[in-house]
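Contents: one structure, followed by commentary.
The values are calculated or read from the model by the stated rules, or taken from the named source; none is laboratory data. Everything quoted here is computed from the prediction, not taken from an experiment. Cβ sites come from the backbone with ideal geometry, for glycine too, and all protein chains shown count toward neighbours.
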Amino acid sequence: MKKIPLISFILIATITIISCSDVRRSPGRAYMPDMAYSRAYESYSVTTEEKDSLKRHDIFFSNLPVAGTIKRGEMFPFPLAIDKEGDTANYVASKQIINPITNLDSANMAEADRLFLVNCAICHGTKLDGNGPLYKGGDGPFAAKPATLVGDAKYEAMPAGQMFYSITYGKNKMGSYASQLDTRQRWMVIYYIKSKQAEAKGGTSNVADSTTKK
Amino acid sequence: MHYKLIAKRTFFSFFFFAFIALSNRLSAQDGKQLFQTNCASCHNPIKVVIGPALKGASERVPDKKLLHEWIHNNTAVLSSGNKYFNDLYSQYNKTPMNTFPNLSDADIDAILKYADSFQPPTSAPTAGGATATAPESDNSLLYGILTIILAVIMLTLLQVNSNLKKLSDDKEGIPAAEPIPFYRNKAYITFVILILFVIGGYFLVQAAIGLQRTKDYQPEQPIFYSHKVHAGINQISCLYCHGGAWESKQASVPSLNICMNCHMQISEYTGKDKLYREDGAEVDGTQEIQKLYSYTGWDPQSLKYTKPGKPVEWIKIHNLPDHVFFSHAQHVRAGKVQCQTCHGPIQQMNEVKQFADLSMGWCINCHRTTKVNFPDSTGNNGNKFYSIYEKFHKELKPGDSITVEKIGGTECQKCHY
């Protein structure tokens with residue numbers, strides 16, 4: 001009978017030790033929470049309710065830019081809107097739009113290369129052969145074959161404006177990249193693709209642009 | 001003569017069979033090739049992509065001639081008013097199919113044959129998946145047991161020693177002193193207290209320093225997003241989703257449209273390794289992708305956004321106090337620091353865990369040891385951001401290198417203002 005406290009102590013201790021996990025699911029305590037966690041509105045710290053309450057006080061936090069305005073230093077925006085479902089009028093019309101970037105120096109070309117590798121090569125491949133790590137010749141998780149940008153006559157003949165339409169609004173199974181690349185970056189990537197296509201055909205990489213030979 | 005004829009016939013029949021077998025293989029091979037160049041951007045053998053899955057297409061359209069006609073020139077078939085194809089057309093959002101006048105009937109048959117014989121790559125989970133995620137066994141338990149055994153031996157030997165001493169004292173007639181039990185022995189008690197004080201003090205100080213630091217913090221996120229699957233196995237660049245790290249102070253959590261760039265198409269997890277949470281619970285990857293669809297309002301059946309989306313409230317792991325300024329762009333773009341330097345082997349993490357303690361000592365240590373990457377003598381490579389320091393750099397002896405500390409990287413105002 002005297003042993004009951006001892007036994008129960010050992011039992012409780014064992015359970016406590018076993019139930020301890022080394023996975024840390026809680027951030028723990030802070031000395032001064034108002035210094036550790038910002039009182040000011042930081043990115044992603046505002047909930048939908050908070051945003052609504054701010055709106056009631058005429059504070060517009062992280063809204064989209066006012067329609068029709070252009071950021072200083074920003075390129076002239078793409079003049080065509082997205083097509084309605086089942087319509088291709090604007091997609092066809094986009095052929096007429098030429099690439100405002102007609103020449104890139106080596107530093108900007110390196111930047112365009114970087115942008116392509118980060119955003120596009122995952123599907124279209126580092127060699128622009130439409131065989132990136134996500135497709136892997138049909139073995140990857142992505143079921144649709146990405147466009148073969150170099151080596152397919154269809155994409156080599158595609159005008160820059162139509163490429164811009166596809167990158168901006170998405171086409172087939174490709175989503176819109178407008179949130180990842182700004183207007184200038186999109187034109188840079190298109191210039192990069194066009195110069196790679198010209199290079200593969202034996203031309204120099206510094207061709208003016210495909211839009212001239214349309 | 002008779003034998004010669006038989007031999008000849010055998011030879012030819014063998015040749016014939018070989019030819020048949022070979023040409024069969026060729027056509028299947030060709031089918032795959034043709035499928036990938038012509039059809040694969042809109043069709044998959046077993047999945048709905050933009051158009052329907054092609055496996056079984058020849059059974060769904062028994063009229064072979066019609067099917068060929070459709071593939072050659074689908075607009076003609078549509079305008080002829082064929083009900084099956086017009087229904088199909090409106091079912092797939094009236095997306096026009098390309099015409100393929102160049103494909104011969106044999107080509108089309110080869111493609112359909114490839115699609116019909118297509119087997120999904122088997123994704124049998126490997127046994128390695130489980131063992132790979134099992135926590136590494138550490139030796140501290142073994143060391144603990146050894147310590148206890150050694151302590152017991154030590155105590156026994158001490159006891160034996162004192163007993164022997166007592167025996168020899170008895171023999172020589174020296175009266176033994178009153179034995180004091182060890183728990184009343186002042187030397188023992190002082191020793192134990194001292195040890196407890198040191199150990200307790202150590203843990204107390206560590207806990208006090210660790211307050212507000214969240215190293216190893218690994219919360220359960222609303223969606224089980226595995227960096228191992230995305231950044232590790234599928235080699236997606238970190239900047240694809242966290243583009244802000246290049247441009248701005250915040251690395252930024254991607255908005256859901258970036259997830260949907262790929263997940264419009266990838267609706268199930270087919271990876272080889274099973275997914276596990278850190279505590280060992282298995283996770284169904286496909287289920288987690290469905291969670292993404294419920295947040296975005298995407299309907300994977302009709303392949304359209306049918307409901308309004310709502311944001312995922314991810315739990316922030318890396319938190320710097322409000323009085324510290326930190327810019328990702330400065331480190332990633334100007335300083336060329338790899339993501340893994342601060343975030344650890346993120347491409348191997350199923351659940352993200354805070355790798356560094358983000359303490360000030362940790363920041364300063366790195367600033368003291370990291371060398372500034374100046375442009376070389378040609379003015380290329382290196383980092384042009386630091387060009388204002390170049391003059392001083394050129395005055396230095398070759399071989400000397402400048403750490404971040406030397407260009408003001410440990411000034412208080414750099415981070416606290």
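For the reader, a short list of remarks on this structure follows.
- Residues that are without any contact (Cβ under 8 Å) to a residue 40 or more places away in the chain and charged (D, E, K, R), drawn from the range A:124-158: A:Lys127, A:Asp129, A:Lys136, A:Asp139, A:Lys145, A:Asp152, A:Lys154
- Residues of the range B:220-254 that turn out to be surrounded by fewer than 19 Cβ atoms within 10 Å (Cβ to Cβ), among the small types (Gly, Ala, Ser) and free of Cβ contacts under 8 Å to residues at least 24 places away in the same chain, as a count: 2
- Residue that is surrounded by the fewest Cβ atoms within 10 Å (Cβ to Cβ), among those in the range A:89-112 that are part of a helix (DSSP H, G or I) and among the hydroxyl-bearing types (Ser, Thr, Tyr): A:Ser106
- Listing of helices (runs of 4 or more DSSP H) fully contained in the range B:170-275 that carry 2 or more residues being within 14 Å of another protein chain (Cβ to nearest Cβ) and within 30 Å of A:Leu134 (Cα to Cα): B:238-241, B:244-247, B:256-263
- Residue among B:Ala76, B:Ala106 that alone is without any contact (Cβ under 8 Å) to a residue 12 or more places away in the chain and not assigned by TED's automatic domain parsing to the domain that holds B:Leu303: B:Ala76
- So A:Ala153, is it modelled with pLDDT under 85, hydrophobic (A, V, I, L, M, F, W, C) and farther than 22 Å from A:Leu80 by Cα: yes
- Criterion violated by B:Cys42 - all others in (1) within 12 Å of chain A (Cβ to nearest Cβ); (2) without any contact (Cβ under 8 Å) to a residue 60 or more places away in the chain; (3) not in a loop (DSSP other than H, G, I, E, B) satisfied: (3)
- Test: residue in the range A:33-53 that is among the hydrophobic types (A, V, I, L, M, F, W, C) and more than 12 Å from chain B (Cβ to nearest Cβ): no
- When A:Arg184 is tested against the conditions (1) surrounded by 18 or more Cβ atoms within 10 Å (Cβ to Cβ); (2) more than 28 Å from B:Ala53 (Cβ to Cβ), the lone failure is (1).
- Residues that are part of a loop (DSSP other than H, G, I, E, B) and surrounded by 15 or more Cβ atoms within 10 Å (Cβ to Cβ), drawn from the range B:276-299: B:Arg277, B:Glu278
- Residue within the range B:238-260 that is of a type outside the set (A, V, I, L, M, F, W, C) and under 17 Å from A:Ala143 (Cα atoms) present: no
- B:Thr306 meets the conditions (1) more than 9 Å from every other protein chain (Cβ to nearest Cβ); (2) more than 20 Å from the chain's Cα centre (by Cα); (3) farther than 30 Å from A:Ser166 by Cα; (4) surrounded by fewer than 16 Cβ atoms within 10 Å (Cβ to Cβ) in every case but one. The failed one is (3).
- Cβ-Cβ under 7 Å pairs, at least 6 apart or on other chains, the range B:92-103 side away from chain A (no Cβ under 11 Å), far side β-branched (Val, Ile, Thr) and outside any loop (DSSP other than H, G, I, E, B): B:Thr99/B:Thr75; B:Phe100/B:Ile71; B:Leu103/B:Ile71
- The selection criterion, being among the hydrophobic types (A, V, I, L, M, F, W, C) and in contact (Cβ under 8 Å) with a residue 60 or more places away in the chain, does not hold for B:Ala281.
- From B:Ser27, B:Ser58, B:Ser13, residue being over 37 Å from the mean Cα position of the chain (by Cα), modelled with pLDDT under 65 and within 25 Å of B:Phe118 (Cα to Cα): B:Ser27
- Note on the range A:118-145: residues that are touching a Ser or Thr at 6+ places or on another chain (Cβ under 7 Å) and under 21 Å from B:Pro45 (Cβ atoms) total 4.
- Restricting attention to the range B:366-407, the residues that are of a type in the set (Ser, Thr, Tyr), in a helix (DSSP H, G or I) and at pLDDT 75 or above add up to 1.
- Only one of the numbered conditions (1) surrounded by fewer than 19 Cβ atoms within 10 Å (Cβ to Cβ); (2) away from chain A (no Cβ under 13 Å) is not met by B:Val77, and that is (1).
- Complete set of residues in the range A:149-165 that are surrounded by fewer than 21 Cβ atoms within 10 Å (Cβ to Cβ) and within 13 Å of chain B (Cβ to nearest Cβ): A:Gly151, A:Asp152, A:Ala153, A:Lys154, A:Tyr155
- Some residue of the range B:309-327 being part of a loop (DSSP other than H, G, I, E, B), touching a Gly at 6+ places or on another chain (Cβ under 7 Å) and either on the phi > 0 side of the Ramachandran plot or modelled with pLDDT under 90 (or both): yes
- Number of residues in the range B:45-74 that are polar (S, T, N, Q) and either within 14 Å of another protein chain (Cβ to nearest Cβ) or crowded, with 16+ Cβ neighbours inside 10 Å (or both): the value is 2.
- Residues in the range A:118-148 that are within 16 Å of A:Gln197 (Cα to Cα) and either more than 10 Å from chain B (Cβ to nearest Cβ) or outside any loop (DSSP other than H, G, I, E, B) (or both): A:Ala121, A:His124, A:Gly125, A:Thr126, A:Lys127, A:Leu128, A:Asp129.
- So B:Ile223, is it assigned by TED's automatic domain parsing to the domain that holds B:Arg333, at pLDDT below 90 and within 14 Å of B:Gly285 (Cβ to Cβ): no
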